[in-house]
Amino acid sequence: MSNDKLLERTERLLRGESNNARGIVFTPQSARFPYSGCNVVLGLPDYLDTDDRHLDVDSIRIAYEASIDAALRGSAVHFRRQGDGAAQVTVPGQQPRIVIGAKKVLLFERLFKAHQSREFGVKLAELKAYPGFKQLPQMIGDEWPELENRYLYSPKRGFWALCEEPISV
């Protein structure tokens, strides 16, 4: 999960299977993001007892139980950036979502900053200032139907914001 392209593929695969089961995704390094779809992500080094080289099963269980509710449904708006090309956004009523791509990360970061400063929304004209797109659906691509009115919405014509509460779609 340290490679952005593989992270995006893994996220899409796990998100596509999210109706079947929830669980734990183990990574060989410390976890970059705490969730993937409705799964809790745990880094194996964090749960390996270095003395006897065994996994600390009780610690894994505790970490899973502490995180699974947040993995299933976000309870508040959060944004976690990892470098220029990846971030995770959480909004109420939706599974945490990993966003891959520098432009998408900048978009969600700007919307998150607007949320933090209690702005009404961000003008589409300002968001268009990011190079390479004219409309949000064009920039987001195939993921647009999964994001619109779930993670971001238009509170008023010409403005966009992060969803602060579940929206019926």
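No value in this document is a laboratory result; all are computed from the given coordinates. Just so you know, these numbers come straight off a predicted model, no measurement behind them. Neighbour counts run over all protein chains shown; Cβ positions are idealised from the backbone, glycine included.
Things worth noting here:
- Cα centre as origin, Lys/Arg/Asp/Glu Cβ charges: segment 45-134 dipole, Debye: 1060
- Net +/- balance of residues flanking Lys123 in space, Cβ distance below 11 Å, scoring K and R +1, D and E -1: +2
- Bridge orientation summary for the chain: considering DSSP beta bridges with both residues in this region, about 75 percent are antiparallel.
- Look at the alpha carbon pairs under 8 Å that are at least 6 residues apart: their mean separation over the length of the chain gives a relative contact order of 16 percent.
- A helix-only calculation puts the chain at -9500 deg cm²/dmol for mean residue ellipticity at 222 nm, using -39500 (n - 2.57) for each DSSP H run of at least four residues, averaged over all residues.
- Intensity falloff of the chain expressed as log10 I(q)/I(0), Debye formula with alpha-carbon point scatterers, at q = 0.17 Å⁻¹: -1.04
- Taking Lys and Arg as +1 and Asp and Glu as -1, the other residues whose beta-carbon sits under 14 Å from that of Ile62 total -4.
- Taking the Cα centre of the chain as reference, the dipole from Cβ charges on Lys and Arg (+1) and Asp and Glu (-1) amounts to some 1000 debye.
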